[in-house]
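To start, the structure itself, in structure tokens.
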Amino acid sequence: MARSDTLCNQSLLEAGERTLDRTIGEPGDVKTQFVTREGTYRLMTLSEYSRPNRVGYQPQGQTPPQVRVSLVTLPDQGERICFNHGRELYVYVYKGIKKAADLSKPLEKKVYKGTNPTCHDFNVTSASAESVSLLIGFSTGQIQLIDPVKKELSKLFNEERLIDKSRVTCLRWVPGSRTLFLAAHASGQFYVYNEELPCGSAAPHYQPFKAGEGFTVNTCKTKSTRNPLFRWLLGTGAAINELAFSPNGSQLAVVSQDGLLRIFQYDSMELLGHARSYFGGLLCVAWSGDGKLIAVGGEDDLVTVYSMEQKRVVARAQGHRSWVAAVAFDWFLEVESCYRIGSVGHDTQICLWELPEDNLVPPRPRVKRRPDPLQLVGTPACPRLDECPILEHLVCKKIAHERLTSLVFRPDCVITACQDGYVYTWARPPT
């Protein structure tokens, strides 16, 4: 514990002394290792996952969706990894740092026509050695449910696009549930589905169920229960970019293109708090392992940290020079006195920060003024840059030629993915 305190405080003291690496523009300057206080993280070149022939996908016309990564652990069977690239989706046995990836034997390979997979999520609650449920969302609004182990299951939701015609931006199984899942769309709405129920043959008609500040929840008017069970509409319809449940599954964080982070008590549908980007949309969101902090990233090139206890932004992290595409807390290095946060961005860089608990002390109260409902900056939800701590990066390295899109922390490694369809594994320092 004392060592963690020392490392965190030393990180803040020395951050201002480090010069920013300006060699990002050099095409060959891609790092295969980076050093932190616990040691050296090394790229495992044999643990690289991609399309089997390693030939890049050539998009026709529109920009392809971001490459996303989903993982699940099957009892006594190890891990499975899923990623999308262009119009294709792959599921492999994930061998981590122990064995080389075998790209010739995907458990599942799907090539879609007329639509692209945009997001996916394994059901960790129902996963077994014989079966695992995998949701896939598409650019044209449909949702598919498959089982890459059994290969017997295949269901479609919103098949005729009667529920929502816009792109599916995020899918999340409800924690602890074998059947319920959330589907977020670019329309600014997200829906609650039960995979055991059908969708209606006509466009659903809705009735009010609940309303709060900046959001409404509706249910379907039907004689029999059908999907969707609920429709949530946030704000004025800005695209929802990501959903994330808290570690205990009781709270839901949502980030959207209007630059807002909204946190809900999921079961009671109560708005618990919100934060705002410095400018632009928020693209990604993650919870700390203890559920006390939320990190978001987006088009302001910042990582912003929000405290659930204090209901305010407590820190911002600078280091990226373009949009932040994915953010995550490293739960495996998280201790009571210090948090490790990582992010990857369109600038092809991975950045790591350490946030000591000392930084979370509430600020001195300022002279109270009459609240201005139109004020956007200079509030607890969006403090000015001089009103909250700015974290300097512990690590900020260019690790890819294409923009980075995914970041996952595992016990023995870190996983990153980039837009050219490559998924990389970085071994943690030996302990």
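The values are calculated or read from the model by the stated rules, or taken from the named source; none is laboratory data. Note that this is a predicted model, so its numbers are computed, not measured. Cβ placement follows ideal geometry from the backbone for every residue including glycine, while neighbour counts extend to all protein chains displayed. Remember, those area values only see protein heavy atoms, side chains included, never the ligands or the DNA or RNA. Shrake-Rupley method; radii C 1.70, N 1.55, O 1.52, S 1.80 Å.
In nm², what is the average projected area of the convex hull enclosing the Cα atoms of region 43-166?
Average of the hull's projected areas for region 43-166 equals 8.5 nm².
Which value in deg cm²/dmol, rounded to the nearest 500, describes the helix-derived mean residue ellipticity at 222 nm for the chain, given -39,500 (n - 2.57) per DSSP H run of n ≥ 4 and division by the residue count?
Value at 222 nm, helices only, nearest 500: -1000 deg cm²/dmol.
Please enumerate, by chain and number, the lysines with C-alpha under 23 Å from the C-alpha of LYS150, excluding those fewer than 8 residues away in the same chain.
Candidates past the 8-residue exclusion: LYS95, LYS105, LYS109, LYS110.
Around CYS388, what is the net charge, scoring Lys/Arg as +1 and Asp/Glu as -1 over all other residues with Cβ under 10 Å from its Cβ?
Details: positive: ARG312, ARG316, ARG384; negative: ASP386, GLU387.
So the environment of CYS388 carries a net charge of +1.
With θ taken as phi - 60° and the coefficients 6.51, -1.76 and 1.60, list the Karplus ³J(HN,Hα) couplings across region 245-259 in order, rounded to whole Hz; mark glycine and proline as x.
Whole-Hz 3J(HN,Hα) from phi for region 245-259: 7, 5, x, 8, x, 8, 10, 10, 9, 10, 10, 9, 6, 7, x.
Please express the Cα-Cα pair-distance distribution P(r) of region 176-260 as a list of whole percents, one per 5 Å bin, running from 0 to the bin with the greatest distance.
3, 13, 22, 25, 21, 12, 4, 0
Using only alpha-carbon positions, what ratio does the radius of gyration of region 97-226 give when scaled by 2.2 N^0.38 Å?
Numbers: Rg = 16.4 Å, N = 130, 2.2 N^0.38 = 14.0 Å.
In units of the 2.2 N^0.38 Å rule of thumb, it is 1.17.
Looking only at Cα atoms, what is the convex hull volume of the chain per residue, in Å³?
Roughly 152 Å³ of hull volume per residue.
On the accessible surface of the chain, probed at 1.4 Å, how many percent belong to carbon and sulfur atoms?
About 50 percent, which is the carbon plus sulfur part of the accessible surface.
Given labels modelled 7 Å from the Cα in the Cβ direction, how far is it in nm from LEU229 to GLU79?
Spacing of the two 7 Å Cα→Cβ label points: 3.0 nm.
Please express the shape of region 241-320 as an equivalent ellipsoid: the semi-axes are the square roots of 5 times the eigenvalues of the C-alpha gyration tensor, given largest first in whole angstrom. Show your work: numbers first, answer last.
Details: eigenvalues 76, 35, 22 Å².
Square roots of five times the eigenvalues give 20, 13, 11 Å.
Expressed in nm to one decimal, what extension gain is obtained for the pair ASN248 and LYS155 from 0.36 nm per residue of sequence separation less their Cα-Cα distance?
Values: separation 93, 0.36 × 93 = 33.48 nm, distance 2.87 nm.
Extra length from ASN248 to LYS155 when fully extended: 30.6 nm.
Where the centroid of each part is defined by its Cα atoms, how far is region 265-291 from region 202-236 in Å?
21 Å
What lysines could a cross-link reach from LYS221, if we take a straight Cα to Cα line under 24 Å and drop same-chain neighbours fewer than 8 places away?
Excluding near neighbours in sequence, the set is LYS155, LYS165, LYS210.
With each pseudo-label sitting 7 Å past Cα toward Cβ, what's the ASP412-ALA211 distance in nm, one decimal?
5.5 nm
So what are region 385-431's ellipsoid semi-axes, whole angstrom, largest first, if each one is the square root of 5 times an eigenvalue of the alpha-carbon gyration tensor?
24, 17, 9
Pulled fully out, how much extra length does the chain show between LEU271 and GLU48, if you take 0.36 nm times their separation in residues and subtract their Cα-Cα distance?
Gain in length upon complete extension: 76.2 nm.
Amide H of GLU160: which non-local residues (sequence gap of 5 or more, or other chain) have their own amide H closer than 5 Å, using H built in the peptide plane?
Residues meeting the criterion, in which the H sits 1.01 Å from N, do not exist here.
What residue among SER343, SER104, SER322 has the largest mean-square fluctuation in a Gaussian network model of the chain, using Cα springs under 10 Å?
SER104
So, by mean Cβ neighbours within 10 angstrom, what's the order for 201-210, 307-316, 219-228 with the highest one leading?
307-316, 219-228, 201-210
Going by amide H atoms built from the backbone, whose H comes under 5 Å of the H on THR32, apart from near neighbours?
For THR32, no residues qualify.
Where only protein heavy atoms count, and the probe is 1.4 Å, what is the accessible area per residue for the chain in Å²?
Numbers: 19530 Å² over 431 residues.
Counting only protein heavy atoms, the per-residue value for the chain is 45 Å².
Quick one: if you stick a label point 7 Å off each Cα along the C-beta vector at LEU197 and ARG321, how many nm between them?
A separation of 5.1 nm, rounded to one decimal place.
What are the residues whose amide H is under 5 Å from the amide H of ARG68, where those residues sit 5 or more places off or on another chain and H is modelled from the backbone?
Result for ARG68 returns ASN84.
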